[in-house]
Structures are given as structure tokens and as C-alpha cells.
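Derivation of every value follows stated rules applied to the coordinates shown; laboratory data play no part. The model shown is predicted, which means the values in this text are computed figures rather than measured ones. Cβ atoms come from the backbone with ideal geometry, glycine included; neighbour counts cover every protein chain shown.
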Amino acid sequence: MSDEIGESHNPLVIRTDNNGTSTLTLNRPKSYNALSQSLMSELQTHLDNLRFDRSIMVVVIKGAGPGFSAGHDLKEMRNNKNEVFFRDFFEQCSTLMQSIVKLPQPVIAQIHGTAAAAGCQLVATCDLAIASTTAKFATPGVNIGLFCSTPMVAVSRKVPRKKMMEMLLMGDLVEAETALEFGLVNRVVAYGQLEETVSNYANKIKEKSPLVLKIGKEAFYNQIDMPLADAYKYTAEVMTQNMLVQDANEGINAFIEKRAPTWTGK
């Protein structure tokens, strides 16, 4: 907790909005942006506010200082060693991760340094992840007697089983290029190109209908674990309803007429 007290004069999460993109910067650099209760609460508040902010089409999550996020705040956990605290702590983190999935806007993780344990979980939870060559990833809990059980929920949904078990059982740092091979990140770029690359992704996404992005993101996560027949039944209904919105009509007309669409978000 002492690190957080020393940083308490600054917000633990900084929100910066620019032309339809909201960047949320985890701001505990001295603690490698460890996910304390207070930081998670601030991040949760920002996500709750963004959910209803129609001026924002893309959300970017990044870390201040040398790392992306070291994961759960182990000092805070050690100082509050009781079952009630642990249950509340992990429930809070789980709710936070699910809020990112349920957010209408696409969320991009911008990773310049190490993302470990719950920090790796945060990367895996985001819809897209762009890493620099200086980034590293790990689920290292096994090294300190605390298996990364909650982080593996998100990471195992992005990384194949054998690779996931390797990360969990070995607890070693994984280089950015290996994380790309595993499917944990979408792209790896030079450190100096990271911000520009994330901006390019965000700008490309912002060319789309915000309503259609919302429909599509929700449908993706709803269908991903359904049996095949149920997934097709569900997505057929989603596409039927999608076809009835104004932006679908505008988009199809614009394509046929060879012009740029004008989205209304309706």
C-alpha cells in the first residue's frame, strides 16, 4: 500500500480523449501499475462512464512508466490477508474484466513493457492488443506459490491450451514475438512505432458505424462458446436485426453507389 499512498496525489487512471478515442493510462509507474483495489475502482468508474459516452468510439488502455501492469497488487494482498478481502478483491477484478468485454466500444491494449499475471489477463481481455518489441508477458504466479487461476480465464481464451499450460507451469516471461505466435497479441512493432500503430488501428475502427461495432462486439462474445448450431441460430437473428437498422441501409447503398457512407449510429 505504501507505493500507492506515495502516488495518491495523482489519479491512478488518467483518461485522455482525442477525436473519438479515449485513452486510459494506468498511473502507478513506481509499482509497475499493479492492480490495487483503488486503481481497479478508478478504472471501473471510467469504463462505466464510457459505456454511455456516444462521443467515444474506441478505448485504449496503456500503462505509465516502464511496465504495462505487474498484475495484482501483492503488497496490498499481503497486508489484508483474510478470506473476505481475497473474495472481494478477486470478484472486483473479475467484474472489471467483464466490463471491458461488455463495453460497446472496441478496446485496444497498448503494451510497451511487461504485462504479468492480471496484467496479462488485462491484455487478453481487451479486444485487440498491440505490443512493442520491448513488451513481455507472463503468468508467473506458480513461481511465488499463487497459481494464476483468474488470469488464465482470459488468457486461455486467446492462447492455445498447450501454450497456455506452458506459460502457467513454467512461469517464464514470454517475448513479444512469441506472444504474437501464441495469439495473445495482434501485432508487434518497434517501440517508437507503438503509439502511431495503435492510433492507426483506432482511426480505422472509427470509420465504421458505432452501432454496428456495438452489435458485432456483443455478438462475438455471446456466440464464441455456444455449440455450433446455437451460434448460427443466434447470429442469424443478430444479422436479421442488424439489417433493419439505418446504418446497414446506408452502408449497403453507399457500397452500391460507390461512395463513402454517412453513419448516424441508428
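General remarks:
- Under 23 Å of direct C-alpha separation, and excluding same-chain neighbours fewer than eight residues apart, LYS217 reaches these lysines: LYS62, LYS102, LYS158, LYS204, LYS206, LYS208, LYS233, LYS266.
- Prolate/oblate/rounded label for the range 81-223 (Cα gyration tensor, a/c 1.5): oblate
- Cleavage-rule hits, trypsin sites (Lys or Arg not before Pro), the range 57-92, DSSP coil, Cβ neighbours within 10 Å at most 16: LYS81
- In plain terms, the residue of MET167, MET57, MET243, MET77 with the fewest other Cβ atoms within 10 Å comes first and the most crowded comes last, giving MET243, MET77, MET57, MET167.
- Global form of the range 210-256, assessed from the alpha-carbon gyration tensor, a/c cut-off 1.5: prolate
- Cut-off 15 Å between beta-carbons: net charge of the residues surrounding ALA231, Lys and Arg +1, Asp and Glu -1: -3
- Positive-end ranking of TYR32, ASN200, PHE147 along the dipole of the chain, with charges on Cβ about the Cα centre, is headed by ASN200.
- The structure-derived value of percent of Cα pairs over 28 Å apart appears in the list (i) 38; (ii) 44; (iii) 32 under the label (i).
- DSSP H segments from the chain that extend 24 Å or more along their own axis, Cα-based, with Kyte-Doolittle mean of 0.0 or above: 83-102
- R0 of 41 Å, Cβ-Cβ distance LEU169-LEU244: FRET efficiency to nearest 0.05: 0.25
- Rounded if a/c under 1.5, otherwise prolate or oblate - the range 167-230, Cα gyration tensor axes: oblate
- Secondary structure note: in the chain, about 25% of the DSSP beta bridges are antiparallel.
- Per-residue [θ]222 nm for the chain (sum of -39500 (n - 2.57) over DSSP H runs n ≥ 4, rounded to 500): -15000 deg cm²/dmol
- Top of LEU74, LEU122, LEU103 by mean-square fluctuation, Gaussian network on the chain, Cα under 10 Å: LEU74
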